[in-house]
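Okay, structure first, notes after.
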Amino acid sequence: MGRPAKTTDSDVLDITYMLAWQRGCDDVTIRDLEIALDLRAPSIYRRFHSRDELLAAAIDRYVEAVVGARVRRYLEGTDDPLEGIRWFFLSAVDSRAQPRKPRGCLVATTSQQSSYAVPAIRDAVDRGTAKVWDALMAALDRASARGHRSAWPLNDLAWTLLQNFLGVLMLARCGHDHLEPSVTVMLDAVLGPIPLKER
């Protein structure tokens, strides 16, 4: 009977996505993974076939654990879908919210790196981006069903929000602080301002 693996696949993916989130996929080498995972390269390749497939699986894990949690909390778990969209944005630029985690987003960061040219990694990034777009679209649909009217097609609004969200994440990753005022201006312009009595 063989020895039980000391590191589960879930552990491997969690450690890998944290490493990639901190450094960026482009800068994570197989040697970095060996050290972080306490596994030798052949063991990593037996489980995931290649560094790129491991990184793609880690991005999927990140989307499930981090992006999915934020989507459920702000875009699916609020009574007021427009308020949920606002907090989805504002919580992403609040540097006090999770000080121990890297700033920005692994999906957004990887979309701007050469790793995005790798098909498996690109597919994982695109799945993560689609998850956010789908959730934004669903929140806008719920707002529309509740009587919120917009001069723009909801599909266009969802794309506008997604584009701005990715830009905000990249600015946060680059260390820009005090993004809340500009995010509020954008959200007021796209969704309509919060009535003064609610501010």
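Here, each number is a calculation from the coordinates, and none is a lab measurement. Treat the numbers as computed from the prediction; the structure is a model and nothing was measured. With ideal geometry, Cβ positions are generated from the backbone for all residues, glycine too; neighbour counts draw on all protein chains shown.
Odds and ends about this structure:
- Peptides 60-69, 174-183, ordered by how many other C-beta atoms sit within 10 Å of their residues on average, highest first, read 60-69, 174-183.
- Each of Thr129, Thr16 was scored by other Cβ atoms within 10 Å of its Cβ. Arranged with the fewest first, they read Thr129, Thr16.
- Around the Cα centre of the chain, unit charges on the Cβ atoms of Lys, Arg, Asp and Glu (plus for the first two, minus for the last two) sum to a dipole of about 360 debye.
- Fewest neighbouring Cβ atoms within 10 Å first, the residues Trp21, Trp152 line up as Trp152, Trp21.
- Label point 7 Å beyond Cα of Asp141 along Cβ direction - residues of segment 73-91 with amide nitrogen under 14 Å: 76
- Each of Ala41 and Thr184 was given a label point 7 Å from its Cα along the Cα-to-Cβ line. The distance between the two points is 5.2 nm.
- Mean Cα-pair separation over length for segment 9-198, i.e. relative contact order, pairs under 8 Å, 6 or more apart, %: 25
- Selected from Tyr74, Ser10, Pro153, residue furthest toward positive end of dipole (the chain; charges at beta carbon): Ser10
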